[in-house]
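Computed from the coordinates by the stated procedures, all read-outs in this text should not be read as laboratory data. These figures come from a predicted structure and were not determined experimentally. For neighbour counting, all protein chains shown are included, and Cβ atoms are generated from backbone atoms with ideal geometry for every residue, glycine included.
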Amino acid sequence: MRHQWLAAAAALLLPGLASAQTVYPIDRATILSTANFDFKVEFPNVVKHDDIKVLINGQDYEKVFGKKATFIEKEDGANASSLILRDVSIGKPGTYKIEASAGGSPVAVTWEIFGTPDKPKAKNVIFLVADGFSVAHRTGARIMSKGNVQGKAAGRLNLDDLTNMAFVGTSSTDSIAADSANTMSAYMTGQKSAVNALGVYASRAESSLEHPRQETLAELIRRKTKMAVGVVSDAEIQDATPAAVVAHTRRRADKAEIVGMFYDVKPDVVLGGGSAYFLPKSTPGSKRKDETDYIAKFKEAGYALATNADELNKTAREANQSKVLGLFHTGNMDGALDRKFLKKGTVGKFPNQPDLTEMTQAALDVLSRNRDGFFLMVEAALVDKYSHPLDWDRALYDTIMFDKVIGIARDFAAKNPDTLIIVTGDHTHGISIIGTVDDEKPGDEMREKVGTYASAGFPNYKDEDGDGYPDKVDVTRRLAVFSNNFPDYYETFRPKLDNPFVPAVKNEKDQYVANEAYKNIPGAVLRTGNLPRSEDTGVHAVDDMVLQAQGPGAEKISGYMENTDIFRVVTETLALGTSR
Amino acid sequence: MRHGTGRGLTRRGCLALLASTFAFPARAASSQLSFEELYSKIGVLGLEFSERVKALGGQTTRMTGFMAPPLRAESSFFVLSKIPMALCPFCSSDADWPEDIVVVYLRKKQTFVQYNAAIAVEGRLEYGSWTDPETGFVSLLRLRDAHFYTI
C-alpha cells in the first residue's frame, strides 16, 4: 500500500517521467520487412545495465537484431536510463512481441512486420497532396470551375474520375488532432507520430535530432532501387509536407537542418520555395545561422539550378538533365489567384514564379528519363496556407490548380499505365459551403444576403476563356463558405482582393484580436472566436480525409484506413520489402 | 568672462554646448525612408540594399510602420514592419520573418501600446547582417538610438 502511494507521489513530483518503461516503435506499429528503424527503451528511473532484459518473441533482442544496444545511464542528465539501438531491421514478416524490463514488471508491445511481393506492380508512383484538403474544397472547386446546372455538375474535375477511394484517419500518437508534419510522415514512414514530428517517434530526448527514427520512403527507394525521386511543392521546400519525404526531426521548425537532410538524400528533382534556407548567413535574405551555401553544394553535386519559370522550362527540356534544383521564392510561393489574376501577395517581388502545373510537368519530364521508374511527390501547399486564414477564394483557386496537376498525372499514366497515382490531403479543415452570398439581395446587413436552401440558387461565376478558373472572383452571387472554427475576426462576406486575408493580429497582452484593417469594409461584422486567444487562424480538423487512387496497387484503397496504411500500399506496390 | 577669441569656453559657447547635449538630434534633420526603398534587388539568390539605404547608413532616418509585438511590454527594442504583423518573430524561433522589417533599438525604454496603430521611428540607420548577442536574432536593417511616437 505504502509502496504504491510513494510510487504515485514520486510520479506526481517528477512530471514528464512515465511510471513504466516506454518502447519505440510503439504498440501496434506496422513495420516494413527489411526497413531500417531505431529501437529505444526508456526506463522511468535509473537502472543497472545488467538488470535490463529485452525479449523479442521470447529471444534476447541482441540475437534478433544482431547487435548490442547502447546503454545510457542518465539520459540528458535526468535520473532515468535508456537503451538505444539505431538502424535495425527485421526481415521475417510476422507478429513480434517485445517485452522490456529492468528488475520490475515488464512492459510489452506488439509489432506487425509485413512483407511485400518480390516484384513491383508499378514502375512509377505519383503521390499528389493538397495540404488541408477537405470535401468542401472539391465541391467548391467543381462549382467554381465547371458550374452546376439544375442540380447536376456541368463538368467533371480530374478528381472525379479516380477509380478508388477510402476514408483515412489522420490522428496522432499524442492527440486526435494532427499537423502536416506527422500526417505526411505517416504516409512516408508507415509510423504514427506526435504533432510536429517528422520521421521519428517523439521520445524524451532533449535534442530534436536525437529521437528514434524510421526510414522514409525516399531513403528506402535510394537504398533498394535505382528509381529517381522528385519532391515538388509551392511552399518552402523545407516545410513539413515536402520535408517528410526525407527528414528526421522532432521539430518541423528545424528548417535549416532539413535542407541538410535534402542534401543527404539528394532527390533527383527538388522544386519549391524556401531559398532563404539555402543561402549562407552572410548573404542578405538568408535565414541560416551558419555559412553553408547549399545552392553551391547542390550545384557541385551536379544539379542544374532554376530560379524562375523560364529557367525551369528550359532546364527540363534538356535531354541529358537528370538532376534539377528549382527554387522560385525565398519563402512560400504565391497561389493561382494572385499569380494569374490579382497580382497581389508577393507577386511583385517574384514576378516569374512557375505554376504548380509547370513544376509537375517539368518534374515528370526529367524523372521519366530514368529507365527504372520514379517516385514523385507534388504538394499544393497553399490550399492549407490559405484555408488557415479563412481566405476561401485563394484556397479554392489553388484546389482548381491542384486538379489540373491531377490531370497532368493522369495524362502521364494514360501513356505509362504502370503508374500508381495517389491523390489526397494530409489533414482536413473545418470548412464548409452552405449556399451563396448575393449582393443584390436587399438591405445593408451582409448576413441577410446569405442565400440558404432555395434562396441560394446558383453562383454566377463565369469562365469565358475556358481556362478552368472563374474569370472574376468577386462576382455578385458567390459561394458562401465558412469555417466552423476561428479566432476573433471581421467577416466581410467578400473575396480579399487586396492581399491574402490576415484575420487576427497580436495585441500587447500576447492575444490574437480581430484585425481592424477590415473593420470599415461596408457590412463587415465582428465574429467572436471559439478558439483559444493564442490561435491566430483557423485550425486543422479531425474529420476523416478522403484519399483516392488509380493504377496498379489502387485496388488496396478502400473502406477506412489509417494514414500509416498508405505507406504499406505504396511499399507493397513497389516491392520494397525484399532486396529488389 | 572674456568674449570672442581666446582659450576656454565663452558663455555663448558654453550655452551652445549645453543646448546640443540636451536637444533630440533626430528631429532636427532626419531623412525619410520607406519600406519600398530598402532593397534594390529582391531575388531567390538574395537581397541587395538600395543605393538610398547605403547613402543613409550612419545617418538619422525616419520610418513609419507598425510595431510587431515584443516579448515584454517594456522593452528596449522591437521590430518595425510595413503592415500589422500577425505573428511575432521573437516569440518563437519557429516563426519566419518577412523581408519588410527593420529592428529598432531604442535609446531608452518606451512603453508599447496600440499594436494596430501606425508609428514613426527615428534613429541612426545601420545596414548589414548582425546577430544580437542577447537574443541571437539576426537582422539586416536596424535603427539605433531610436525613439518612436504614434502618428
Just want the ordering: A:Thr436, A:Thr95, from fewest to most Cβ atoms lying within 10 Å of their own Cβ. A:Thr95, A:Thr436
Label-point separation in nm, B:Asp145 to A:Lys63, each point 7 Å along Cα→Cβ: 7.8
Taking R0 as 51 Å, what's the FRET efficiency between A:Ala78 and A:Glu464 from their Cβ-Cβ distance, rounded to 0.05? 0.15
Relative contact order of segment A:431-527 (C-alpha contacts under 8 Å, at least 6 apart) in percent is 27
Highest to lowest packing among A:101-112, A:543-554, scored as the average C-beta count within 10 Å: A:543-554, A:101-112
Mind listing which trypsin sites (Lys or Arg not before Pro) in segment A:197-264 are in a DSSP loop and have 15 or fewer other Cβ atoms within 10 Å? A:Lys226
Where does each of A:374-383, A:344-353 land if you order them by average Cβ count within 10 Å, highest first? A:374-383, A:344-353
Contour minus Cα-Cα span, A:Asp471 to A:Lys92, at 0.36 nm per residue, comes to 130.7 nm
Inside 10 Å of the C-beta atoms of A:507-514, what's the mean count of C-beta atoms belonging to other chains? 4
Which trypsin sites (Lys or Arg not before Pro) in segment A:140-196 sit in a loop by DSSP (not H, G, I, E or B) and have at most 16 other Cβ atoms within 10 Å of their own Cβ? A:Arg156
Taking other Cβ within 10 Å of each residue's Cβ, how do A:His427, A:His329, B:His147 sort, fewest first? B:His147, A:His329, A:His427
Largest-first ellipsoid semi-axes for segment A:18-114, taking √(5λ) over the Cα gyration tensor eigenvalues, angstrom: 22, 13, 12
Please give, to one decimal in nm, the separation of the simple spin-label points placed at A:Asn416 and A:Ser19, each 7 Å out from Cα toward the Cβ. 5.6
Fully extended, how many nm does the chain gain between A:Lys509 and A:Ala154 (0.36 nm per residue separation, minus their Cα-Cα distance)? 122.7 nm
With +1 assigned to the C-beta of every Lys and Arg and -1 to the C-beta of every Asp and Glu, and no other charges, what is the dipole magnitude of chain A about the Cα centre in debye, to the nearest 20? 1020
Report ³J(HN,Hα) in whole Hz for each residue of segment A:507-522, in order, from the Karplus equation J = 6.51 cos²θ - 1.76 cosθ + 1.60 where θ = phi - 60°; Gly and Pro get x. 9, 5, 9, 6, 10, 8, 10, 4, 6, 6, 4, 9, 4, 9, 5, x
First select every other residue whose beta carbon is under 13 angstrom from the beta carbon of A:Val47; then total the charges, Lys and Arg +1, Asp and Glu -1. -2
List the residues whose amide H sits under 5 Å from the amide H of B:Ile101, counting only those 5 or more places along or on another chain, with H placed 1.01 Å from N in the peptide plane. none
Note, A:Gly66: beta-carbon cut-off 12 Å, +1 each Lys/Arg, -1 each Asp/Glu, net 0
Only Cα pairs under 8 Å and at least 6 apart count here; give the relative contact order of chain A as a rounded whole percent. 19
Net charge around A:Leu162, counting only other residues with Cβ within less than 15 Å of its Cβ (Lys, Arg = +1; Asp, Glu = -1)? +1
Where a Cα-Cα gap under 21 Å defines reach, which lysines qualify for A:Lys441, not counting those fewer than 8 residues away within the same chain? A:Lys449, A:Lys462, A:Lys472, A:Lys496
Counting only residues 5 or more apart in sequence or on a different chain, those whose built amide H sits under 5 Å from that of A:Ala202 are A:Ala194
Before anything else, pin down the relative contact order of segment A:489-543: Cα pairs under 8 Å, at least 6 apart, normalised by residue count, whole percent. 42
Compute the Cα gyration tensor for segment A:282-417, then decide on rounded, prolate or oblate, letting a ≥ b ≥ c be the square roots of its eigenvalues: rounded whenever a/c is under 1.5, prolate when a/b is larger than b/c in the other cases, and oblate in all that remain. oblate
Averaged across the residues of A:282-292, what count of C-beta atoms belonging to other chains lies within 10 Å of each residue's C-beta? 4
Specify, per residue and in Å³, the volume enclosed by the convex hull of the alpha carbon atoms belonging to chain A. 182
Among A:Ser275, A:Ser322, what is the fewest-to-most ranking by other Cβ atoms within 10 Å? A:Ser322, A:Ser275
Interchain or long-range residues, amide H under 5 Å from A:Asn515's placed H: A:Tyr490, A:Ala504, A:Val505
Is there a simple number for the mean count of other chain Cβ atoms within 10 Å of the Cβ of residues in A:494-504, and what is it? 1
Run through the DSSP bridge list for the protein assembly as shown and note the antiparallel percent, rounded to the nearest 5. 65
For the residue pair A:Lys281 and B:Leu45, what label-to-label distance in nm results when each label sits 7 Å from Cα along the Cα-to-beta-carbon direction? 2.3
Please give me, ordered by residue number, the GluC sites (Glu not before Pro) of segment A:196-284 that lie in loop per DSSP and have at most 15 other Cβ atoms within 10 Å. A:Glu206
Charge dipole of segment A:18-114 built from unit charges on the beta carbon (Lys, Arg +1; Asp, Glu -1), centred at mean Cα; most positive-end Cα among A:Ala78, A:Ile56, A:Phe39 is A:Ile56
